[in-house]
Each structure stands twice: as structure tokens, then as C-alpha cells.
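A quick write-up on the structure given underneath.
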Amino acid sequence: MENQNQVIVERIQLDAYAEALSKAFASAGVTPNQLCGLGEADLLRIPEGVEFHDPTNGSRSFWVLLEGEVLADKAETDGSRTRIYNAKAGDSFGEVMLLTGKAPSLYLVSAQPSVGLRFDEDTFWNLMACSPAVRNIVLTNMAQRLHAHMAEAVHREKLISLGTLAAGLMHELHNPGSAAKRASSQLRANLLKLQDLSLRFCDHELSEEQLKCMRDLQQEAISHARTTAMSSLEQADAEDAMAEWLDSAGVENAFKIAPQLVSIGLDPRELQCTREAFADDGLSDALNWLESLVSSVSLVDAIEESITRISDLVMAVKKFAYDDRCTLRDVDVHDSIQSTLTILGHKLRQRQISVKKRFDAQQPEIHTTGVAISQVWTNLIDNAIDASPDGSEIEVHTWSEPGILAIGICDHGIGIPESARAHIFEPFFTTKPVGKGTGLGLEIVQRIVTQSFGGSIEVNSKPGDTQFIIRLPQQSNASTPPTCTVPTSVTPASVN
């Protein structure tokens with residue numbers, strides 16, 4: 001019994017299908033008489049829902065669909081698939097792999113029962129050489145498909161970049177947000193404690209000496225609210241001494257409040273006046289009140305720092321957003337790089353990678369209509385992080401040349417293999433493991449630098465030292481009309 005999902009393949013003479021082939025190329029006005037170089041091909045009868053071709057078979061073929069509908073998916077480097085077109089009856093496809101010499105990457109699945117012709121490489125080239133009309137429509141199809149695929153790939157790269165930045169940004173926002181929330185909660189408890197202690201003082205009239213002592217303590221707490229720097233051993237010894245003194249004086253929560261009092265630089269000798277002023281009673285309440293005040297001021301500082309951090313992150317993201325505005329403007333490159341480092345801060349800390357900045361450029365601003373310079377720093381610094389060993393250092397250096405602002409970004413990873421250096425700016429070329437890169441990051445960087453800003457980029461690499469150098473003109477060419485879009489040329493770029 002015949003398997004209903006089986007693809008039936010028949011070897012045929014193409015001369016018998018000249019009429020059907022001319023219909024496939026009808027948009028170019030091809031007639032059966034114009035078809036020459038026809039040899040043999042495979043005729044495939046394909047049931048619905050069958051994957052009848054995948055990249056693993058290693059062969060490149062040209063296809064003409066006579067009946068039905070076929071879905072063509074491209075295999076991506078991360079293992080996913082991208083739908084590139086739906087072929088209908090009369091469509092041809094597969095020419096891109098043959099004309100570019102690239103490895104097979106198409107998965108073909110029938111969306112309905114279909115009939116198609118499969119040309120091997122020799123038959124395809126004979127047809128191209130012999131029939132100018134066929135050659136014209138095949139080359140037109142290839143150009144359109146390459147352009148569409150490049151646009152899709154660039155969009156995909158931008159989404160990946162955006163996802164990386166968004167993940168880091170969410171982590172960066174979460175940390176100060178959580179810190180501010182914890183500090184606010186503790187501050188509420190401190191305010192209630194201060195209120196309770198203040199009411200206790202109201203129940204007992206304080207002497208002039210006690211009031212002066214508390215004013216002095218309050219001034220000390222406010223003026224030295226930030227933690228005093230000391231080594232871990234010094235701090236531990238100071239806290240132990242303070243806790244023992246408080247405990248011997250009968251102060252409640254002695255071991256709890258000791259660290260806060262030490263943090264503003266107090267020691268038991270400075271609190272001796274407090275013990276004398278509150279000789280009879282009230283010493284415990286006075287020192288707990290002082291600890292709550294110190295803690296509250298520290299918590300307000302922590303909240304302020306957290307909010308400042310969030311504001312810095314929001315400002316960095318705003319600069320990314322405004323970076324795509326096409327107007328003749330001054331762009332501060334130092335500020336742009338710093339915003340990128342702020343957003344990538346989480347990834348740097350995660351890998352314990354430090355950044356050494358040497359901003360030596362005398363004039364860090366460029367007068368330009370170029371857009372998307374932040375994406376250049378994002379891609380280059382992100383690549384440097386990926387290439388760097390944990391705990392290492394990345395260097396960012398700027399300097400001035402006549403009419404030029406130069407930027408160097410250096411990592412100390414294993415370097416770029418010599419065989420790969422001539423290809424690193426080509427679309428879809430990557431040295432990263434499968435699933436770790438699209439091969440478009442450096443290609444996009446070069447297009448932005450050279451076409452949007454009129455600059456140049458070069459790379460120098462050896463094991464332990466890889467440096468990308470970008471040179472940007474500091475003045476836009478006034479004779480050239482502003483270009484408001486990032487170029488999307490599909491021509492592979494060359495290395496300077």
C-alpha cells in the first residue's frame with residue numbers, strides 16, 4: 001500500500017515541460033522557444049504538510065513550483081527558523097544559495113499538495129547561460145530576496161540588542177528600587193520609634209544639661225551621618241567596644257545600636273557626657289533616640305542615592321532614544337559612551353570586569369546629522385565583554401587628531417583569529433558559538449560609522465589585546481544633504 005505522506009520523485013526531460021516553465025517566467029515575457037540548455041530535472045509530487053527538503057542533505061538546488069504552495073524557512077545560527085517566503089504555483093526559488101555559493105539553509109514544507117521541478121546545479125547554470133530572459137528574472141528575484149532578508153536580519157539584530165539592554169536595564173532598575181523600598185520600610189519603623197521616645201521625654205522634664213547634650217548628639221548625628229571609612233577589623237573592634245560600654249551602662253538594645261553609633265565616628269569616650277547628664281535615668285532612651293536618628297538620616301541618604309541611580313538610568317535611556325533624531329546637532333561622544341556603560345553596568349559587574357576610561361580628547365563633541373552612535377558603543381563594548389575573561393579590564397580611550405575625534409575600545413581576550421579578520425565586517429559572519437550571535441553586530445557598526453557619520457573603523461588584534469579604533473569627523477560635510485536613516489545596503493563591507 002502506498003504511503004500517503006511519501007514524496008514521489010520522477011526523473012524527467014525538461015523539454016517536455018517547456019510550456020509550464022515559460023508560465024513560471026511569464027512576468028519576464030519568456031516563451032517556450034526562448035528556453036534552451038534544458039536537460040534533465042526531478043519532478044516531485046508532494047503531499048500536504050511534508051518537509052521535503054532541509055539543509056542537512058548538503059545539496060543546492062533551484063526550484064520551480066508548478067502546482068500548490070510551499071513554505072520556505074531559513075535556518076538561523078541560533079537554531080531557530082525564519083519564514084522568508086511562501087511560494088505559489090509559478091514561483092521559483094533557491095537561486096540565492098546557488099548564486100552566492102552559500103551553504104544550504106532552507107527548510108521546504110508543502111502547505112498543500114504540490115508539484116515542483118528540482119534543478120541540480122549544472123542544469124541551473126546551463127539555463128542561466130543560455131536564456132537571458134530567465135537570467136534577468138532570477139537575478140531580480142535574488143536581489144529582492146537578499147534585500148528583504150537583510151532588512152529582516154537587521155531588525156532581528158536590533159531586537160536582540162534591545163533585549164540585552166532591556167534585561168540589563170530591568171536588573172539595574174530593580175536593585176535601587178528594592179533598596180529604596182527596604183529603606184522606606186525601615187524609615188517608617190524608625191519614625192515610629194522616634195515618636196515613641198519623644199513622647200517618653202515629654203513625660204519627664206529634661207534639665208538644661210540634658211537638653212544641651214541631646215542637641216549636641218543631634219548635631220553630631222546630622223553632620224556625620226555618612227559611614228566613617230575604616231577597615232573591617234577596625235570596625236569590628238570598635239563595634240565590640242561600643243556594645244560592651246553600652247551594655248555596662250544598662251542601655252537597651254546595646255548590641256543592636258552599637259554599629260550605627262560607630263558608623264558616625266562615635267566612641268565610648270565621646271558618649272561619657274551623655275552618661276553623666278543622664279546619670280539617674282533616661283540614658284537608654286537618649287542613646288536609642290540617637291541611634292534612630294542616625295539610622296533615619298542614613299536611610300534618607302540611601303533612598304536619595306537609589307533615586308539618583310534610577311534617574312541616571314532613565315537619562316541614559318533617554319539619550320539612546322534621542323540618538324536616533326536626525327538633526328544637525330552637537331553630540332558629546334564622552335557622554336554617549338558613559339550612557340552605554342551605565343546601561344551595560346549589570347553585565348560588567350556580573351563578569352567582574354572593570355572599565356578603564358581615558359577621555360583625553362580635547363574636544364569630545366562632533367557636529368553631525370549622523371544617527372545611532374550609541375548602537376556603535378553598545379555593540380563594541382558588549383563584544384568586548386563577551387571576549388574578556390572574568391575579572392579582567394576593558395579600556396576606552398579617546399584622543400584628538402586634526403579634524404578627527406578618535407575612540408579606541410580594547411579588550412584582553414584571546415583575540416580575533418587572523419583568518420577571520422578579513423571577514424568580521426561581513427553580514428552574518430560570526431566567531432561566537434551557535435546561538436550567541438547573529439553575525440550582524442560589527443556589520444551594523446561599520447555601516448553606521450562609515451555611512452551615517454562619514455568616519456572609519458579599523459581593528460588590531462593579537463592574543464590578549466584586541467582594539468577597535470573609530471575615527472569620526474568633528475564637523476559634518478555641509479555640502480552633503482543630511483542623511484536621516486541608517487543605511488541598509490546588502491553589499492558586504494570591506495575592512496579598512
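The values are calculated or read from the model by the stated rules, or taken from the named source; none is laboratory data. Everything quoted here is computed from the prediction, not taken from an experiment. Using ideal geometry, Cβ is built from the backbone for each residue, glycine included, and neighbour counts are taken over all protein chains shown. Heads up: the accessible areas ignore ligands, DNA and RNA and are worked out on the full protein's heavy atoms, side chains in. Shrake-Rupley method; radii C 1.70, N 1.55, O 1.52, S 1.80 Å.
Here the spin labels are modelled as points 7 Å beyond Cα on the Cα-Cβ line, and at ARG182 and ILE404 they lie 4.9 nm apart. Projected label points at GLU19 and LYS88, each 7 Å from Cα along the beta carbon direction, are separated by 2.3 nanometres.
Starting from the 7 Å offset along Cα-to-Cβ, what nm value, one decimal, do you get for the label separation of GLU234 and ILE414? Distance between label points: 4.5 nm. If R0 is taken as 60 Å, the Cβ-Cβ distance between HIS174 and GLU67 corresponds to a FRET efficiency of 0.60.
Between GLN195 and ASP267, the C-beta separation translates, for a Förster distance of 35 Å, into a calculated FRET efficiency of about 0.75. Over all directions, the projected convex hull of the C-alpha atoms in region 335-411 averages 5.0 nm² in area.
From the square roots a ≥ b ≥ c of the eigenvalues of the alpha-carbon gyration tensor of region 57-100, which class results: rounded (a/c under 1.5), prolate (a/b over b/c), or oblate? Oblate is the answer for region 57-100, as a/c is 1.5 or above yet b/c matches or exceeds a/b. For ASN136 and HIS334, the difference between the fully extended length at 0.36 nm per residue and the C-alpha to C-alpha distance is 66.3 nm. Legend: residue pairs LYS102/LYS347; LYS102/LYS356; LYS347/LYS462; LYS181/LYS256, Cα-Cα distance threshold 32 Å; pairs beyond threshold, LYS102/LYS347; LYS102/LYS356. Once you order the gyration tensor axes a ≥ b ≥ c over the Cα atoms, which shape class does region 1-140 get: rounded for a/c under 1.5, otherwise prolate or oblate by comparing a/b with b/c? The shape class here is oblate. Heavy-atom accessible area for HIS204, with the other protein chains in place and a 1.4 Å probe, reaches approximately 120 Å². The peptide list 5-16, 103-114, 284-295, put in order of mean Cβ contacts within 10 Å with the highest first, becomes 284-295, 103-114, 5-16. Where a ≥ b ≥ c are the square roots of the eigenvalues of the C-alpha gyration tensor, would you call region 342-385 rounded, which needs a/c under 1.5, or, failing that, prolate if a/b is larger than b/c, or oblate? Cα axes put region 342-385 in the oblate bin. Fully extending the segment from ASP120 to ARG421 would add 105.0 nm, taking 0.36 nm per residue of separation and subtracting the current Cα-Cα distance.
ASP330 sits with roughly 90 Å² accessible to a 1.4 Å probe, with DNA, RNA and ligands left out of the calculation. Shape summary: region 63-127 maps onto an equivalent ellipsoid whose semi-axes, from the alpha-carbon gyration tensor, are 19, 18, 8 Å in decreasing order.
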